[in-house]
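Comments concern the structure below.
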Amino acid sequence: MKLILTQDVTGLGESGDVVEVKDGYGRNYLVPRGLAMAWTKGAEKQIEQIRRARFAREIRGIDHAKEVQAALEALEVTVAARAHDEGHLFGSVTEADIAAAIREAGGPPVEKRAIGLPGHIKNVGPVKATVVLHPEVTAVLTVIVVAA
């Protein structure tokens, strides 16, 4: 099955790439999750648009990654979550919550897939999170989880 990737897929390719995959993988995993779309002559015209969107949001080299790293590490990121009186959260704080909190704090846009957590965040307090900006540049930021 021939597909056009709409998002980066680890081990397969980047958004805008045309890939050949087994029918079941494409039909049952990639297409339903919005990671790819079927290749057609009409869809072939959208590849350049997908690549331009990817270029606009990606980190351009190590120097740009270090600038983004400095901006992220200077931020004070706070995530509000519902918690018991003892400080234990009702749910957990996810990578998507942290990405949204970075955006709210005025930081650069960060994909939730680039954020790494030390495990499930289930308690109120400070947590160290890593953000992989480039294969050689990783930002470490402190996320403060507060009771809402």
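Nothing in this text is a laboratory measurement; each read-out follows from the coordinates by a stated rule. The model shown is predicted, which means the values in this text are computed figures rather than measured ones.
A few remarks follow.
- Relative contact order of the chain, defined on C-alpha pairs under 8 angstrom at six or more residues apart (%): 20 percent
- When the convex hull of its Cα atoms is viewed from all sides, the chain shows a mean projected area of 10.3 nm².
- Euclidean distance of C-alpha centroids, segment 111-135 and segment 60-78, integer Å: 15 Å
- For segment 108-119, 3J(HN,Hα) per residue [Karplus equation, 6.51 cos²θ - 1.76 cosθ + 1.60, θ = phi - 60°, Hz, x = Gly/Pro]: x, x, 10, 6, 5, 5, 7, 8, x, 10, x, x
- Computed over segment 70-119, Kirkwood Rh from alpha-carbon pairs, angstrom: 11.9 Å
- Relative contact order (%) - segment 1-70, alpha-carbon pairs under 8 angstrom, separation at least six: 31 percent
- Extent along principal axes [Cα atoms of segment 2-57; Å; largest to smallest]: 31, 25, 16
- When restricted to Cα atoms, segment 61-147 yields an Rg and a Dmax of 13.1, 46 Å, respectively.
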